[in-house]
Amino acid sequence: MGIHQLSVLHDEHQDRLLWRVSTQAGEEFLFWLTRRMSARLLPAIEQALGRLDSLRSGLIAPDPSTRHLLSDMQHQAFMQQADFQTPYAAPQNAQRPLGEWPLLVTDAQLTVQPSALLLQLQDQSQAPLRQCELQLTPELVHGLLHLSRQAVARADWALGGPVAPPPEESEAPPASSRAYAH
């Protein structure tokens, strides 16, 4: 699945973030993130991005603060090239493989690979299990985090500024897989 465009909005009525992902094949994937899931998942994605950026750059970043500094440099480079002015446009006659209603993310699995972040999102709140796996390049991860931070600020969820990695995860190996439950 080649990702074409990302959008992150705060829905005041649902008090959730709505992630919208459109693909080059004309598909659209919709995901609900609650405040609680956002508070857990966004810092984990940020930490995984630090590992991904250090793997991609070929520089050895043995500690979390060095990875964070490297990721900040990559983020600044990304922000200079990113297009946040073009409005999100849902594909005409979009196919929605997950259904018409957004998947409520109750569990997430992150896997850092040498050139991408695999993000598996699941709704385990009802049967049958609904899930989707997104393969995100570092640029897409930077964009998703940027848009999510903006939406969190508009939601006034008080999740804080840039989030430090959780202490128990700061020593995780670079190519690891982590699960985050709601």
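The values are calculated or read from the model by the stated rules, or taken from the named source; none is laboratory data. These numbers were taken from a predicted model, which means no experiment stands behind them. Positions of Cβ are generated from backbone atoms using ideal geometry, with glycine treated the same way; all protein chains shown enter the neighbour counts. Keep in mind that these areas ignore ligands, DNA and RNA; they rest on the heavy atoms of the full protein, side chains included. Shrake-Rupley method; radii C 1.70, N 1.55, O 1.52, S 1.80 Å.
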Suppose we keep only residues that are modelled with pLDDT under 90 and in contact with a Leu (Cβ under 8 Å, 6 or more places away or on another chain) within segment 85-114. Which one would you say is farthest from Ala44 (Cα to Cα)? Tyr88
Those residues of segment 1-22 which are touching a residue at least 40 places away in the same chain (Cβ under 8 Å) and polar (S, T, N, Q) amount to Gln5, Ser7, Ser22
List every residue pair whose Cβ atoms lie under 7 Å apart, where the two residues are 6 or more positions apart in sequence or sit on different chains, the first residue falls within segment 47-71 and is under 15 Å from Pro114 (Cα atoms), and the second residue, located anywhere, is open to solvent by 70 Å² or more (accessible area, probe 1.4 Å) and modelled with pLDDT of 70 or more. Leu55/Pro114; Arg56/Ser115
